[in-house]
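Asker: Take a look at the following structure, please.
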Amino acid sequence: MRFLKRFAKGSIYSTAAILRGYMGDKPYILLLSVIVGVLAGIAAVLLKNVTGFFHNISDSICEETGFWILPFLPAAGIFLCVILVKFLIKKKPYEKSLSGVIIQTSKGTSDIQGHHCWAHIVTSGISVGLGGSAGLEAPIALTGSAIGSNFSKLVRTGTETRTLLLACGGGAGISAIFNSPVAGALFACEILLPSFSVPALVPLLM
């Protein structure tokens, strides 16, 4: 299994290196930003679908048992999320907001652990779908940022490009969840990038 993972990572890196040599640095970064944006958009669709699925379950339970059970559903969602975090993520750090992402970008590492690429899709989808008093903004921004960071590590870019792709992922997630691409790009510029630069604006808009 480890051999297959190493082989897959090596193949992706080799392909990325060939593309970079053929395309040049700027078009290559634009291509990476588009790929990260697509992946973050898919994550947003998954988050919406998971939330909708558990919302339908909540409606079905209320119809069968009566609306007296409605106040207990958010508590059940939180309890289920705690169990999933404990047994699936175990002792790995589990960020509950964008503070960890902002700290990583301000440090210049932009290193987000891989489980954040999927964990918030599951936990936030369950919690919000069952009526939890929360929104999907932070979860999808954190998920998209994690996708950008880990994709950057996969193709072995520098830390500056990793920060840019992290911002692209977070901005794309916000764009997809709210159908607002300009707001997503501005969010990435203002919140996720430690310092704004004009060259970074084009990949963010892409």
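Asker: Give the angle, between 0 and 90 degrees and rounded to the nearest 10, that separates the Cα long axis of helix 137-155 from the longest principal axis of the Cα atoms of the chain.
Answerer: That works out to roughly 40 degrees.
Asker: On full extension of the chain, what length is gained from Ile12 through Leu205, given 0.36 nm per residue of separation minus the C-alpha to C-alpha distance?
Answerer: Separation in residues times 0.36 nm, less the Cα-Cα distance, equals 67.0 nm.
Asker: In the neighborhood of Lys107, defined by Cβ-to-Cβ distances under 15 Å, what is the net charge if each Lys or Arg adds +1 and each Asp or Glu adds -1?
Answerer: Values: positive: Arg162; negative: Glu95, Asp111, Glu160.
That sum, taken over residues with Cβ under 15 Å, equals -2.
Asker: Quickly rank 178-186, 165-173, 132-140 as a protection proxy: mean count of other C-beta atoms within 10 Å, highest first.
Answerer: Highest to lowest by the protection proxy: 165-173, 132-140, 178-186.
Asker: Taking a ≥ b ≥ c as the square roots of the Cα gyration tensor eigenvalues, with a/c under 1.5 meaning rounded and otherwise prolate when a/b beats b/c, else oblate, which class fits the stretch 114-200?
Answerer: It comes out oblate by the Cα gyration axes.
Asker: Compare Val128, Val82, Val34 in a GNM of the chain, Cα atoms joined below 10 Å, and give the one with the largest fluctuation.
Answerer: Ranking Val128, Val82, Val34 by mean-square fluctuation puts Val82 first.
Asker: Still on this model: Spin-label point model (7 Å from Cα, Cβ direction): what's the Asp111 to Leu30 distance in nm?
Answerer: 3.2
Asker: Straight-line reach only, C-alpha to C-alpha below 15 angstrom: list the aspartates and glutamates that Lys92 could link to, leaving out same-chain residues fewer than 8 apart.
Answerer: Within the straight-line limit of under 15 Å, Lys92 reaches these aspartates and glutamates: Asp111.
Asker: For the pair Asn49 and Arg156, what calculated FRET efficiency results from E = 1/(1 + (r/R0)^6), where r is the Cβ-Cβ distance and R0 = 41 Å, to the nearest 0.05?
Answerer: It comes out at approximately 0.80.
Asker: What net charge is computed for the residues neighbouring Ala183, neighbours being all others with C-beta under 11 Å from the C-beta of Ala183, Lys and Arg scored +1, Asp and Glu -1? The partial results should precede the final answer.
Answerer: Numbers: positive: none; negative: Glu137, Glu190.
That sum, taken over residues with Cβ under 11 Å, equals -2.
Asker: How would the stretch 77-127 be classified by its alpha-carbon gyration tensor: rounded, prolate or oblate, with rounded meaning a/c under 1.5 and the a/b versus b/c comparison settling the rest?
Answerer: Numbers: a/c = 2.67, a/b = 2.07, b/c = 1.29.
Note, shape of the stretch 77-127 comes out prolate.
Asker: While we're on this one: Please check the chain for the longest run free of trypsin sites (Lys or Arg not before Pro) that are loop-located per DSSP (anything but H, G, I, E, B) and have at most 14 other Cβ atoms within 10 Å.
Answerer: 1-89
Asker: Does the stretch 1-150 come out rounded, prolate or oblate by the C-alpha gyration tensor, with a ≥ b ≥ c the root eigenvalues, rounded set by a/c under 1.5 and, if not, prolate when a/b is larger than b/c and oblate if not?
Answerer: Working: a/c = 2.36, a/b = 2.25, b/c = 1.05.
Note, shape of the stretch 1-150 comes out prolate.
Asker: What distance in nm separates the simple spin-label points at Thr65 and Leu19, each placed 7 Å from Cα in the Cβ direction?
Answerer: 4.8
Asker: Mind checking the per residue accessible area of the chain for me, 1.4 Å probe, whole number of Å²?
Answerer: About 56 Å² of surface per residue is accessible.
Asker: Helix 25-65 against the longest principal axis of the chain: what's the angle in degrees, Cα atoms only, rounded to the nearest 10?
Answerer: 0
Asker: Turning to a different aspect of this structure: Could you list, in their original order, any pairs among Lys86/Lys153; Lys48/Lys86; Lys26/Lys153 whose Cα atoms are separated by more than 21 Å?
Answerer: Pairs exceeding the cut-off: Lys86/Lys153; Lys48/Lys86.
Asker: One-quarter of the Cα convex hull surface for the stretch 61-206, in nm²?
Answerer: Approximately 9.7 nm², given one-decimal rounding.
The values are calculated or read from the model by the stated rules, or taken from the named source; none is laboratory data. As the structure is a computational prediction, the values presented were derived from the model and not from experiment. Don't worry about glycine lacking a Cβ; one is built from the backbone with ideal geometry, like all the others, and counts go over all protein chains shown. Remember, those area values only see protein heavy atoms, side chains included, never the ligands or the DNA or RNA. Shrake-Rupley method; radii C 1.70, N 1.55, O 1.52, S 1.80 Å.
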